[in-house]
1. What does the highest-first list of 356-368, 7-19, 266-278, 38-50 look like by mean Cβ count within 10 Å?
2. Using +1 at the Cβ of each Lys and Arg and -1 at the Cβ of each Asp and Glu in region 176-288, identify which of 240, 262, 278 lies farthest towards the dipole's positive end.
3. Once fully extended, how much extra length lies between residue 36 and residue 12, figured as 0.36 nm per residue of separation less the alpha-carbon to alpha-carbon distance?
4. Just to verify a number: FRET efficiency for residue 367 and residue 225, C-beta to C-beta distance, R0 = 25 Å, to 0.05?
5. Express the accessible area of region 5-115 per residue in Å², computed with a 1.4 Å probe while the remaining protein chains stay in the model.
6. Carbon and sulfur: what percent of the chain's accessible surface (1.4 Å probe)?
7. May I ask for the distance between the Cα centers of region 154-196 and region 236-279, given as a whole number of Å?
8. Simple spin-label model, 7 Å along Cα-to-Cβ: residue 277 to residue 121 in nm?
Amino acid sequence: ALNFAYRGTEAIVIPAFNKKIAETQCVNCGQCRVYCPTGAISIKTHMDEVWEALADPDVRVVAQIAPAVRVAVGDHYSLPKGRSVMGKIVNALHRMGFDEIYDTTFSADLTIMEEGSELLERLPEIKESGLPMFTSCCPGWVKFVKSEFPEMAGRLSTAKSPQQMFGAVMKTYFAEKLGVSPEKIYTVSVMPCVAKKSEREMDLYYGEYAGHDVDAVVTTRELLRMIRAAHIEPSTLVDQESDRPMQEGTGAGVIFGATGGVMEAALRTAYYLLKGENPPADAFQAVRSTGFNEHQGVQEAVFQVDDVTVRTAAVSGLGNARALIDKIERGEAQYDFVEVMACPGGCAGGGGQPIHDNLELAKERGDVLYELDAENEIRFSHENPAVQELYRSFLEKPLSHKSHELLHTDHSLGI
Ligand code: SF4
């Protein structure tokens, strides 16, 4: 979307033909902000809207915190480096005045339940057509495929992203459980991602029950600025648990923040759905990435479960994604399930994460997410007790009518 124009001291970085950025093929991932050598690019902020909601006594302000945020905040404050500081983020948000704080890992598990089931349902057609199902939880990738390869848009999973599933469930099931009208709930996402800001604005995610599923998105960098604005001294932060009923998240949900994580989590649950028993938790670790450059950004693996063969690829970086789709379209590669993350390294390296000059931290942050997975007592999304309860008392089962209504979308309807 951006390139150099003019020469010598006149040289500037702009979209071609001096177009506005919104008129280009920009996918809103925010990587330009991360790599701009002069710091000249800034991202639209939504902190003011959140402060206004927090100041309104009639509004219940509810936050969700994405998996990759917890491994980036500590670096910034010299809190335990490379560790999750989720408890301290929860404490900071409560001190700012948030009423409830939840972990997006819960809705990542929900996404896996739907997406893993969808993969199995679509598998016969996938085998017949020779074309894969693509993950759809990265809005940068979704915009890219719809604008650059519209013929492939129908291959996207219809499952909403964890951010959107959280908002939809919050404003229906949990609003009812908490006894609060959905119009009085203001949902804020704390994300490593800039593209989530435009995802939340999409008409696709405007439910009839209470406006947008998500009301505001702030990035990890905005979170840090809000903590500073609230005069919270980081050393005074204490560990605090996220709130119930969406408290539980599994190791499978946590790895959503690293490239290959969505695929690995979905395969764990798809295996269970096929066999009725769990695989070893690390059975699908071959999809984990070893790096994110043009030689390492695509991780291919083939798995055999009884007589079912699943050919997979996990890709990060849109240059790598473009090359992969070109190969698929030329008939040079065949997959059943492909994960794509727009940012190199996935959300751990997202455009909204803190920037450390000359340091690439996506790999380190991703590795910590895999460690958190290994340490988690529950490593399968289908074993998340809060998710099981949600299906028991509200959604019935994955891909049910209610699940389709709230948790799926139609990607053929616009970019
Ligand atoms: Fe956002 Fe993650 Fe996609 Fe980057 S990889 S655009 S952070 S969802």
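1. Top to bottom by mean Cβ count within 10 Å: 266-278, 356-368, 38-50, 7-19.
2. 262
3. Computed gain between residue 36 and residue 12 is 7.4 nm.
4. Efficiency, from the Cβ-Cβ distance: 0.40.
5. Result: 48 Å² per residue.
6. Solvent-exposed carbon and sulfur of the chain make up 50 percent of the total.
7. The two parts, judged by their Cα centres, are 17 Å apart.
8. 2.8
The values are calculated or read from the model by the stated rules, or taken from the named source; none is laboratory data. For clarity, every value in this text was computed on a predicted model and none was experimentally measured. Ideal geometry is used to build each Cβ from the backbone, glycine not excepted, and the neighbour counts take in all protein chains shown. Keep in mind that these areas ignore ligands, DNA and RNA; they rest on the heavy atoms of the full protein, side chains included. Shrake-Rupley method; radii C 1.70, N 1.55, O 1.52, S 1.80 Å.
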